[in-house]
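Asks: Before I ask anything, let me first share the structure, which is written out below as structure tokens.
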Amino acid sequence: MNISPGWRVAVVAGSLMLGGCTVPAPKPVEPAFDAAALVKTIRSAGAATSNELDVQPLRDPEIEDLRQQAAQLEARHMYRGAADLLDRAMKLNAQDPALLQERAELALLLRDQEQAQQLAKQAIDLGSTTGPLCRRHWETLLQAALLRANDRVIRRSESEAQATARVAAAAAEVRAARTQRDACTVAALNRY
């Protein structure tokens, strides 16, 4: 059988094309950071129950307006704009633990775990020691610690032993944050 030169070129080109179609094996996918789920968990931890003490302070109308606008932007997934509004509100009152907590949650939605943790700690330091808001602070710290505890990737700058120590420290933070979060619930006073 005699194959023409043009036909040979077509067979070789076809073979090369098929050879180029091989697909490399996919890399294992790391679990995604689901910020919205984290924030939902944090806010659920702060749901008030009917049998607990929950003190609500009076709100400054200007700050409350900024908070409501931020909530509207957050509902539309405009997290940066919502964060900017809460930053403006924090300039008016940087000592409001609820405002700091809302900003911490937006920091998570903006994928800034460090800022979320810093703001939650700041809110705790300002005196939120009981009730739903206290639980949200500690749940924020708990979720940040869980993210670190589940981060088993060894960084270039650390040895396997250092990575193991980092994960163990985060696991200890998880236990401490759970204990603190649970201690925030205080039963309401009996009225006779």
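The values are calculated or read from the model by the stated rules, or taken from the named source; none is laboratory data. These numbers were taken from a predicted model, which means no experiment stands behind them. We place every Cβ from the backbone using ideal geometry, glycine too, and count neighbours over all the protein chains shown. Accessible surface areas use protein heavy atoms only, side chains included; no ligands, DNA or RNA. Shrake-Rupley method; radii C 1.70, N 1.55, O 1.52, S 1.80 Å.
Asks: Just to be sure I understand the model, the point goes 7 Å from the Cα along the line to the Cβ. What's the resulting residue 91 to residue 75 distance in nm?
Replies: Distance between label points: 2.6 nm.
Asks: Amide H of residue 60 versus every other amide H placed in the peptide plane: which residues, excluding those fewer than 5 positions away on the same chain, fall under 5 Å?
Replies: none
Asks: In addition: Could you give the nm distance between label points at residue 158 and residue 115, where each point is 7 Å from its Cα heading toward the beta carbon?
Replies: In this crude label model, residue 158 to residue 115 measures out at 2.4 nm.
Asks: Next up: Please list 3J(HN,Hα) in residue order for the range 74-81, calculated via the Karplus relation 6.51 cos²θ - 1.76 cosθ + 1.60 where θ = phi - 60°; whole Hz, with x for glycine and proline.
Replies: 4, 4, 9, 6, 9, 5, 5, x
Asks: Right, another one. What size of dipole, in debye to the nearest 20, comes out for the range 84-127 about its Cα centre when the only charges are +1 on Lys and Arg C-beta atoms and -1 on Asp and Glu C-beta atoms?
Replies: About 60 debye.
Asks: Residue by residue through the range 130-147, what is 3J(HN,Hα) from phi via Karplus (6.51 cos²θ - 1.76 cosθ + 1.60, θ = phi - 60°)? Round to whole Hz and write x for glycine and proline.
Replies: 9, x, x, 5, 4, 4, 5, 4, 5, 5, 4, 5, 4, 5, 5, 5, 4, 4
Asks: Tell me the carbon and sulfur percent of the accessible area for the range 78-136, rounded to whole percent, probe radius 1.4 Å.
Replies: 46
Asks: How large is the accessible surface per residue of the range 45-140, computed with a 1.4 Å probe and reported in Å² as a whole number?
Replies: I get 53 Å² per residue for the range 45-140.
Asks: What are the GluC sites (Glu not before Pro) within the range 88-177 that DSSP puts in a loop, where the Cβ has at most 16 other Cβ atoms within 10 Å?
Replies: Listed in order of number, the matching sites are 158.
Asks: For 159, 44, write out the residues from largest to smallest accessible area, computed with a 1.4 angstrom probe and no ligands counted.
Replies: 44, 159
Asks: Could you tell me which trypsin sites (Lys or Arg not before Pro) in the range 76-154 are loop residues by DSSP with no more than 15 other beta carbons within 10 angstrom of their beta carbon?
Replies: Sites meeting the loop and neighbour criteria: 76, 111, 152.
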